[in-house]
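Right, one structure below, let's go through it.
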Amino acid sequence: MLHRDAYTESLKSVLGAPPDMSELEPEVLERENLTNYRREKIRYQCHPNDWGYAYLLIPTNTHESPMPVIYAHHRHNRDWSVGKSEVVGLKGDPEEAFGVELVERGYIVFAPDAIAFEERRPDEEAGAENNFRELANRLLRGETLLKKVIWDVSRGIDYLLTRDEIDPQRIGFLGHGYGAKMAMWSMAFDERISVGAAHGGISSMHQVLRLGHTIQYEFSVPRLLQVADYDRIISLAAPRPFLLSAAAQDPDSTDAREVYEKAMRIYARMGVAERITLYHYQHGNIDDPWFTRQARHRIYEWLDNWLKPY
């Protein structure tokens, strides 16, 4: 355990200082009653004068109280105009509206915008420029964008814990692509998340560099690879359950099995090897979406096992 603590401190040292703390000052901006659930649009303060925006989906066809919640993180897709709205089915690809499927399954769903996406874009026309500015300005101050987005996840969970409908012992996290990476990082640094699932985009950082792929701005951290790769990040979630899910043909998950096997060794040493799972499947038709219905529902069933054991 002392080694684990030292390792966590090494990661914190390269991630830099967190933003300044602030009051949440949450506000419900909109409410809409839909079939089987209510959708609320929420605003809350992440740090002074920096506001997060999210949709909260609450089932209305269940008498369970309090209920499990899924923090549903959107993908990247180089489309900064959409974030939370795709997850809840208001914009974008219907195959990415996994928040709607989860709320219909009986989960509360929290779907926020990541910084520089949708309502968190300072310049709606700038796209990648907004994203780069968020990285560069922090590096000048000795901070990192990765620390900021991890912080924002924790502020979202701070908000969730103000809601009486939510069971604080049953907080899950599911993300695709960008969201998958955030599932790994968020589980590593916020122990209030009890279960995590990451779909797609789960190659190691070493593999991404070997293949010549672009490193997403959020994960461009000086000296990070001297300290960690994703197998070690996932191991910090142990002994909490974690699922890795990817198509075998996914170009952004080419060494997913190796990442899983390395992380699993840590779980095994702790005597909880059954709590980490790899769903590695054949994609099928090249025109099929990367987050297929079959893959989504396999993840939902796995989440049910840990968050709805009765």
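Taking trypsin sites (Lys or Arg not before Pro) as exposed when DSSP calls them loop (any state but H, G, I, E, B) and at most 12 other Cβ atoms lie within 10 Å, what is the longest stretch of the chain free of them, the sites themselves excluded?
Details: sites that count: R78, R141, R223.
Between exposed loop sites, the widest span is 224-310.
Applying 1/(1 + (r/R0)^6) with R0 = 25 Å to the Cβ-Cβ distance of S154 and L211, what FRET efficiency is obtained, to the nearest 0.05? Please list the in-between numbers first.
Details: r = 31 Å, r/R0 = 1.26.
After rounding, the FRET efficiency stands at 0.20.
Rounded to the nearest 20 Debye, what is the dipole magnitude of segment 55-207 about its Cα centre when Lys and Arg each give +1 and Asp and Glu each give -1 at the C-beta? Show your work: numbers first, answer last.
Working: 17 positive and 24 negative charges, 110 e Å.
Magnitude of the dipole: close to 520 debye.
Quick one: putting +1 on the C-beta of Lys and Arg, -1 on the C-beta of Asp and Glu, what dipole do you get for the chain around its Cα centre, in Debye to the nearest 20? Walk me through the intermediate numbers first.
Details: 37 positive and 47 negative charges, 185 e Å.
About 880 debye.
Residues of segment 73-105 with backbone nitrogen within less than 13 Å of a virtual label 7 Å along the Cα-to-Cβ line of E124, please, listed as ranges.
Within reach of a label on E124: 81-82.
Which distance in nm do the two modelled labels at R257 and R223 give, with both placed 7 Å along the Cα-to-Cβ direction?
About 3.6 nm, to one decimal.
Taking K and R as +1 and D and E as -1, what net charge do the other residues with C-beta under 15 Å from the C-beta of E104 add up to? Before the final figure, lay out each step's value.
Numbers: positive: R38, R39, R105, R293, R296, K308; negative: E64, E101, E301, D304.
Value of the local net charge: +2.
Hey, what did the chain get for relative contact order, percent, Cα under 8 Å, at least 6 apart? Before the final figure, lay out each step's value.
Numbers: 597 pairs, mean separation 49.7, N = 310.
With pairs under 8 Å counted, the relative contact order is 16 percent.
Which entries in the list K12/K148; K147/K181; K84/K181; K12/K84; K41/K84; K84/K308 go over 20 Å, if you measure between the two C-alpha atoms of each? All intermediate terms of the calculation are to be shown ahead of the outcome.
Numbers: K12/K148 12 Å; K147/K181 13 Å; K84/K181 16 Å; K12/K84 28 Å; K41/K84 10 Å; K84/K308 25 Å.
Exceeds cut-off: K12/K84; K84/K308.
What does the extension gain come out to for R78 and T62, with contour length at 0.36 nm per residue minus their alpha carbon separation? Please report the intermediate quantities before stating the final value.
On the way: separation 16, 0.36 × 16 = 5.76 nm, distance 3.70 nm.
In short, 2.1 nm is gained.
Choose one of H206, V82, P68: the residue whose Cα lies farthest towards the positive end of the charge dipole of segment 2-307 (beta-carbon charges +1 Lys, Arg; -1 Asp, Glu; about the Cα centre).
H206
Summing -39500 (n - 2.57) over the DSSP H runs of n ≥ 4 in the chain and dividing by its residue number, what mean residue ellipticity at 222 nm do you reach, to the nearest 500 deg cm²/dmol?
Numbers: 10 runs with 108 residues, N = 310.
That calculation yields -10500 deg cm²/dmol at 222 nm.
Taking 7 Å along the Cα-to-C-beta vector as the label spot, tell me the E301-A248 distance in nanometres, rounded to one decimal.
About 1.9 nm, to one decimal.
Would you be so kind as to identify which of A248, N131, F291 lies farthest towards the positive end of the dipole of segment 2-307, taking Lys and Arg as +1 and Asp and Glu as -1 on Cβ and the Cα centre as origin?
A248
Ratio of Rg to Rh for segment 191-310, alpha carbon only, Kirkwood?
Numbers: Rg = 14.8 Å, Rh = 15.3 Å.
A ratio of 0.97.
List the GluC sites (Glu not before Pro) within segment 139-228 that fall in a DSSP loop (any state other than H, G, I, E or B) and whose Cβ has at most 11 other Cβ atoms within 10 Å.
On the way: sites: E143, E165, E191, E218; in loops: E143, E165, E191.
When the GluC sites (Glu not before Pro) of segment 139-228 are filtered for loop state and at most 11 Cβ neighbours within 10 Å, E191 remain.
Taking amide hydrogens as modeled 1.01 Å from N in the peptide plane, which residues meet the under 5 Å criterion relative to I166, leaving out close sequence neighbours?
Amide H neighbours of I166, under 5 Å, 5+ apart: M67.
For segment 28-68, what is the Kirkwood hydrodynamic radius in Å, using each pair of distinct C-alpha atoms?
11.6
Every read-out reported here was derived from the displayed coordinates using simple, explicitly stated rules and does not represent laboratory data. Nothing here was measured: the structure is a model prediction, and the numbers come from that model. Don't worry about glycine lacking a Cβ; one is built from the backbone with ideal geometry, like all the others, and counts go over all protein chains shown.
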